[in-house]
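The values are calculated or read from the model by the stated rules, or taken from the named source; none is laboratory data. As the structure is a prediction and not an experimental result, all values here were calculated from the model. We place every Cβ from the backbone using ideal geometry, glycine too, and count neighbours over all the protein chains shown. Accessible surface areas use protein heavy atoms only, side chains included; no ligands, DNA or RNA. Shrake-Rupley method; radii C 1.70, N 1.55, O 1.52, S 1.80 Å.
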Amino acid sequence: MNKRRFLTWMVAMSLASVAVIGVIEAQTMNNAPHETSSHRDLRKLSGQKIVIRVGDKAFTVELYDNDTAKDLVSRLPLTLNANNYPGYDEKIIRLPSALSMKGAPRGDEPEIPEVGYYAPGQWVALYYGPIGYWPGKVPLGRIHARVEQIHTIPDHTPVTLERATD
């Protein structure tokens, strides 16, 4: 093998190694051991409820007792659009401003079905399938809806989040 072919081969092997390492790091980050992914302490019910209205349907959400959920309630009512989050089993509702992250975990693995907050994207998410652990996620509440009901919310649909009146 001449010197030129050898150098070309070495560069190709180096680039392939970097690509493989990048894929492994990305997979490891999502599946890496983290502080407790279920955060039972953040899934204690507060006794407070909100309603998410989509067309003629209304879904009750029993909120968890955490500062992020309390901050959301303080901003209600809100009417915003729900959108599909491509590649993941969640509907997102982008907020006009960030919610409090006081006392929030570094990340979370949502339970299904559940409502959560994703700080980097500044949105409320309605989870209808497993998405794994993600940094910046905070559980907000337990939604009373079937997975199919959340899944079939059309893209760009107006939704209203309001305090429950029961």
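Students often check this: by mean Cβ neighbours within 10 Å, which of 135-143, 94-102 ranks highest, and how do the rest follow?
Highest mean packing first, the order is 135-143, 94-102.
For the range 87-148, give the magnitude of the charge dipole about the Cα centre (Cβ charges: +1 Lys/Arg, -1 Asp/Glu; no others), in debye to the nearest 20. Mind dumping the intermediate values first?
Working: 7 positive and 7 negative charges, 53 e Å.
Value, rounded to 20: 260 debye.
Could you report the range 62-165's accessible area per residue, 1.4 Å probe, as an integer in Å²?
Heavy-atom accessible area per residue stands at 45 Å².
Got a sec to turn the phi values of the range 146-163 into Karplus ³J(HN,Hα) couplings, 6.51 cos²θ - 1.76 cosθ + 1.60 with θ = phi - 60°, whole Hz, x for Gly and Pro?
Result, rounded to whole Hz: 7, 3, 4, 5, 6, 4, 8, 5, x, 4, 6, 8, x, 10, 10, 10, 8, 5.
Classify the range 75-139: rounded, prolate or oblate, from the alpha-carbon gyration tensor (a ≥ b ≥ c, eigenvalue square roots; a/c under 1.5 rounded; otherwise prolate if a/b is larger than b/c)? Walk me through the numbers before you get to the answer.
Numbers: a/c = 1.80, a/b = 1.08, b/c = 1.66.
Because a/c hits 1.5 or more and a/b fails to exceed b/c, the range 75-139 counts as oblate.
Whenever you get a sec, compute what percent of the accessible area on the range 37-166 sits on carbon and sulfur atoms (1.4 Å probe). Can you show the working numbers first?
Values: 3020 of 6200 Å².
Here it works out to 49 percent.
If packing is taken as the average count of other Cβ atoms within 10 Å, what order do 124-134, 107-117, 83-93 fall into, highest mean first? Walk me through the numbers on the way to the answer.
Details: 124-134: 20.0, 107-117: 22.5, 83-93: 17.3.
Per-residue Cβ counts within 10 Å, averaged per peptide and sorted highest first, yield 107-117, 124-134, 83-93.
In straight Cα distance, which aspartates and glutamates are under 15 Å from residue 57, not counting same-chain residues fewer than 8 positions off?
Those aspartates and glutamates meeting the cut-off are 148, 162.
Among 104, 78, 58, whose Cα projects farthest towards the positive end of the dipole of the range 53-107, with charges put on the beta-carbon of Lys, Arg (+1) and Asp, Glu (-1)?
The listed residue farthest towards the positive side: 78.
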